[in-house]
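**Q** I am attaching a structure below and will ask some questions about it afterwards.
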Amino acid sequence: MQTDYDVIIIGSGPAGLTAGIYTSRADLKTLCVSGRTWGGQLMQTTLVENFPGFPEGIQGPELMANMRKQAEKFGVTFVDEDVTKVEFGHTPFVVKAENKEYRSRAVIIATGAEFNWLGLPSEQRLIGRGVSSCATCDAAFFRNKQVIVVGGGDAAMEEALVLAKFASKVTVVHRRAEFRASKIMQERVLHHEKIAVKWNSEITEVIGESKVEGVVFKNGEKMAVDGVFVAIGHSPMTNIFAGQVELDEKGFVKKINYGEVKNDKGKVIGAAFNMMTSVPGVFTAGDVHDLHYKQAITAAGYGCEAALEAEKWVTEV
């Protein structure tokens, strides 16, 4: 079965849903292939306090449900299936999900990136209950409490420094005898009065039933803490796009700034295409390309940009 759309959005986090709101309001026939587990990383969070418009905060799943309802209101069609294959070598572009094939004039890749976790059952059970992967999001909940940051790169250093503004003590746990972070970030952490380092250590269990109460290390040692922040990197969800669009060495989608794109009449229309991939007409938005910010609000902003550019592409090319 084939169905034609103006725009197909792959992914349903803040980037994908925002893109859908904009394309559908622009009267573009829009399909969002949202995945069997839709909503992105905010579906795993509890209270979100840094998304504008909610002075008392809002639960992550509720925020995503509201964004989806808004997209549906303006006419976005949702397919809650996982994409199994894409074909970007010709137009219309082809997106396959389960046993159906969808075609479109433009595609927005908004599949996001997964946090790399420790892989412990106890860790997964306590995500949102003291286990976190975002100090910028959750540090304020740990005011005057003791927390652990797991990792040794720049991201872990940044997490520790953010947490040190609120927590009474931050312990950075690293499995090696030296950090791999940049020298300046290491210096800031190593000389901070509220930050300690536990070298050559690995966590094997997070203790607690309804909330984090401590951790167990590989050598059997226990430490009482109120929070565990995992900062060991991200993995972009881009396997299905390998060979279809250009990816960087870490697997993130590359944005290509097209300074000049012409339509079939020779008119230059490409000055604003900043969210386009290596394939003209295929755009990207959110954590799937963003190595730096990884916030819901920045992902939503990227979704807006990608949608506006997709609209321009569909209507002018």
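Each reported figure results from applying straightforward, stated rules to the coordinates on display, with no laboratory input. Just so it is clear, the structure is predicted and the values come from calculations on it, not from any experiment. Glycine gets a Cβ as well: all are built from the backbone with ideal geometry, and neighbour counts include every protein chain shown.
**Q** Just the residues that are assigned to a strand (DSSP E or B), free of Cβ contacts under 8 Å to residues at least 40 places away in the same chain and farther than 25 Å from residue 125 by Cβ, please, taken from the range 43-101.
**A** 94, 96
**Q** Still on this structure: Among 202, 178, which is the only one that is over 26 Å from residue 288 (Cα atoms), surrounded by fewer than 19 Cβ atoms within 10 Å (Cβ to Cβ) and touching a helix residue (DSSP H, G or I) at 6+ places or on another chain (Cβ under 9 Å)?
**A** 178
**Q** Would you check which residues across the range 239-257 are touching a residue at least 12 places away in the same chain (Cβ under 8 Å), under 29 Å from residue 316 (Cα atoms) and either in contact with a Pro (Cβ under 7 Å, 6 or more places away or on another chain) or not in a loop (DSSP other than H, G, I, E, B) (or both) and list them?
**A** Selection gives 240, 241, 245, 252, 253.
**Q** Any residue that is surrounded by 18 or more Cβ atoms within 10 Å (Cβ to Cβ), in contact (Cβ under 8 Å) with a residue 40 or more places away in the chain and among the polar types (S, T, N, Q) - is there at least one of those in the range 106-125?
**A** yes
**Q** Looking only at the range 142-171, filter to residues that are without any contact (Cβ under 8 Å) to a residue 60 or more places away in the chain and under 20 Å from residue 211 (Cα atoms); which one of those is surrounded by the most Cβ atoms within 10 Å (Cβ to Cβ)?
**A** Looking at the filtered set, the residue picked out is 170.
**Q** Of all residues in the range 213-238 being in a loop (DSSP other than H, G, I, E, B) and more than 24 Å from the chain's Cα centre (by Cα), which is nearest to residue 125 (Cα to Cα)?
**A** 213
**Q** Could you check, for the range 99-119, whether at least one of its residues is within 22 Å of residue 236 (Cα to Cα) and among the charged types (D, E, K, R)?
**A** Looking only at the range 99-119, we keep the residues that are within 22 Å of residue 236 (Cα to Cα), and these are 106-119.
Filter once more, so that each one left must be among the charged types (D, E, K, R): 114.
The answer is yes, given that some residue of the range 99-119 is within 22 Å of residue 236 (Cα to Cα) and among the charged types (D, E, K, R).
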